[in-house]
Amino acid sequence: MAISGTNIGGDNLSIVFQPLRNLDYTQKELQQVKAKTQIQKKWLRMYAIKIGPNTFIVTGGAIKLVGTMDERTHLLKEKQKLEDIKYYLKEEGILDQDDFEVYEI
């Protein structure tokens with residue numbers, strides 16, 4: 001899916017990942033996002049930072065059986081990882097896809 005997402009009009013990861021907070025309707029810089037399974041019971045989550053239209057840094061995943069991430073320790077750890085990676089990217093000057101493509105480890 002990631003490869004086909006580079007084609008205009010094809011499926012891509014931007015369809016799978018949605019904003020972490022359900023009330024976020026606009027694209028934000030280094031937006032925190034989640035992906036849910038497409039089956040009826042959507043317990044499995046992947047968490048990532050969206051850098052560009054089809055560029056994501058996956059930070060982790062979890063099984064979520066509660067209403068919010070603040071209700072379970074393992075989900076709080078995932079939330080903290082999102083914050084830590086976002087902070088690191090900002091500190092390194094990686095704010096968009098162009099920055100990410102030229103970044104050297």
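Against the definition (open to solvent by less than 90 Å² (accessible area, probe 1.4 Å) and either modelled with pLDDT under 90 or not charged (D, E, K, R) (or both)), how does GLN31 come out, yes or no? The answer is yes for GLN31.
Figure legend. Inter-residue proximity from the stretch 64-91: first residues free of Cβ contacts under 8 Å to residues at least 24 places away in the same chain and within 21 Å of LEU44 (Cβ to Cβ), second residues open to solvent by 60 Å² or more (accessible area, probe 1.4 Å) and aromatic (Phe, Trp, Tyr), beta-carbon distance below 9 Å, spacing 6+ or different chains. Indicated pairs: LYS64/TRP43; LEU65/TRP43. In the stretch 53-63, the count of residues that are in a helix (DSSP H, G or I) and surrounded by 14 or more Cβ atoms within 10 Å (Cβ to Cβ) is zero.
Taking the stretch 1-23 as the search range and keeping residues that are within 19 Å of ASP96 (Cβ to Cβ) and at pLDDT 75 or above, which one is surrounded by the most Cβ atoms within 10 Å (Cβ to Cβ)? That would be PHE17. Exactly one residue out of ARG45, ARG72 is under 16 Å from the mean Cα position of the chain (by Cα) and surrounded by 13 or more Cβ atoms within 10 Å (Cβ to Cβ): that is ARG45.
The values are calculated or read from the model by the stated rules, or taken from the named source; none is laboratory data. Given the structure is predicted, the values throughout are model-derived calculations rather than measurements. Cβ sites come from the backbone with ideal geometry, for glycine too, and all protein chains shown count toward neighbours. Protein only, heavy atoms only, side chains kept; ligands, DNA and RNA dropped before computing areas. Shrake-Rupley method; radii C 1.70, N 1.55, O 1.52, S 1.80 Å.
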